1. Can you tell me how many residues within region 220-264 are among the hydrophobic types (A, V, I, L, M, F, W, C), under 19 Å from Asp342 (Cα atoms), in contact with a Ser or Thr (Cβ under 8 Å, 6 or more places away or on another chain) and at pLDDT 70 or above?
2. Can you give me the number of residues within region 150-192 that are of a type outside the set (A, V, I, L, M), exposed (fewer than 15 other Cβ atoms within 10 Å of the Cβ) and more than 28 Å from the chain's Cα centre (by Cα)?
3. Taking the condition of a type in the set (Asp, Glu), touching a residue at least 40 places away in the same chain (Cβ under 8 Å) and not in a helix (DSSP H, G or I), does Asp153 pass?
4. Among the residues in region 119-136, are any crowded, with 16+ Cβ neighbours inside 10 Å and at pLDDT below 80?
5. Could you list, in sequence order, all residues of region 286-309 that are among the polar types (S, T, N, Q), assigned to a helix (DSSP H, G or I) and modelled with pLDDT under 75?
6. Looking at region 401-413, is at least one residue modelled with pLDDT of 85 or more and touching a Pro at 6+ places or on another chain (Cβ under 7 Å)?
Amino acid sequence: MSVEIRNPQGQPLTTADRSNAVAESLRQMARVSRFADRKKGIRSYQSHVKTDPLIPALFVLCFLIPTLLAVVYFGFIVSDRYVVESRFALRPALGSVDKAAPDQVGTNSGSTSHQMVAQDSLITTNYIMSRPMVEAIEKVLPLREMFSRPDIDFFSRFNADKPIEKLVKFWHNRVHTAIESGSGIITLTVNTFDPQESLELSQAILAESERMVNAISMRARADAVVESERELKRAEERMAKIRVAVAALRNKDGVLDAQKTNESNLKVIAELRTARINLAVQLIQGQRDLSPETRRIQDMKAQLKDLDDNITRIERQSASEDPEQRRILADSLTRFEAFDADRADAEKYFSKVLTANERARIMAERQIEFFTQIVQPVKPESSQQPRRLLLIALIAGGAAVVFTATVVARKYLA
């Protein structure tokens, strides 16, 4: 028996109407199913949470206990640390670049360069964090007592019975350095458990660092002085040897100075010739008005003859027409010229070496580099470390993340 389905108007349903009705019925069933599954899942999760006995324990263990410990330790137990910050830069001493060049005097005591200052800045930062620095500071300050006083909390306190290696490691937590690559400014940060001790420690580190920077160049400066003195001695011996040779030549030839003798002869000849020219002019002028037989004309002619004889005699002596005199003067003049050139060169070199030796000696006795204090260390009035609220918040946040991750892991692994 078939049943004919009709619409609300009483007309039979078409095929399209039947398809739409079926689709609408299926959609309604799907909505009901999803809502039921969601409610079931929520009820399942809530029941799981309510029925899982480890959730409260995990909350206490992962979140509550770490947070309470952080509040107790950082709020009431941890010791205050007082920070002293100073900034400085290495600068060459004034006048340290005013030195003779190595190739001029035979020494290698060159001037301080910017590259040397940059290298010394890096050396300083490494030395501050090294064991030799800790050992040097221990000689002037009671480091172990400063870091192991009973009023310091247990976790921040240093055990004074531990070896130097442990003290160096602890030092790295109390002292920090940083250098700016562009300007070369070094920042030194010191934190201890007492404001006065922080200031004293910072000042001691600066003093020891400055001493070390100048000490590393002390050997090079001493070697420069020794080398300069050795070169000065050689230059002095060379100059003395040339002077002895010149003196021996004078004694042998009986001529004090061949060059000066020759110059003196030339000067006398020039003066005689000048006098002859003046006398000849006077003679010519006198002959215009006077007779050649007059006394004045005859005297002028006699004076001209004497001048000519003297000029001829001196020229003959200078020209060395006498073979013996020519040999003495020629040989003496040649050797004197050679010795004089060597003497002038030796004296000039000796003067340069002497100047370089004086400067090297002065540089060896003075301070090459200075610590230019940009920010002086100042005694702190309040503690800057530890940052209590920040540390408590970080620990509480980390504990919350751990607890949430644990709960989610148990849900999906259960």
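The values are calculated or read from the model by the stated rules, or taken from the named source; none is laboratory data. All values reported here derive from a predicted model rather than from experimental measurement. Cβ placement follows ideal geometry from the backbone for every residue including glycine, while neighbour counts extend to all protein chains displayed.
1. Final tally of qualifying residues: 0.
2. The number of residues fulfilling the criteria is 11.
3. For Asp153, the condition - of a type in the set (Asp, Glu), touching a residue at least 40 places away in the same chain (Cβ under 8 Å) and not in a helix (DSSP H, G or I) - is met.
4. no
5. Gln287
6. The answer is no; no qualifying residue exists.
Rundown of residues vs (1) at pLDDT 85 or above; (2) crowded, with 17+ Cβ neighbours inside 10 Å; (3) more than 29 Å from Ala396 (Cα to Cα), yes/no style:
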residue: Gly41; (1), (2), (3): no, no, yes
residue: Val49; (1), (2), (3): no, no, no
residue: Val71; (1), (2), (3): yes, no, no
residue: Phe74; (1), (2), (3): yes, yes, no
residue: Leu90; (1), (2), (3): no, yes, yes
residue: Leu94; (1), (2), (3): no, no, yes
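Let's see how each residue does on (1) in contact with a Cys (Cβ under 6 Å, 6 or more places away or on another chain); (2) assigned to a loop (DSSP other than H, G, I, E, B); (3) within 30 Å of Ile216 (Cβ to Cβ); (4) at pLDDT 85 or above:
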| position | (1), (2), (3), (4) |
| --- | --- |
| Glu347 | no, no, no, no |
| Ala360 | no, no, yes, no |
| Met363 | no, no, yes, no |
| Gln367 | no, yes, yes, no |
| Phe371 | no, no, yes, no |
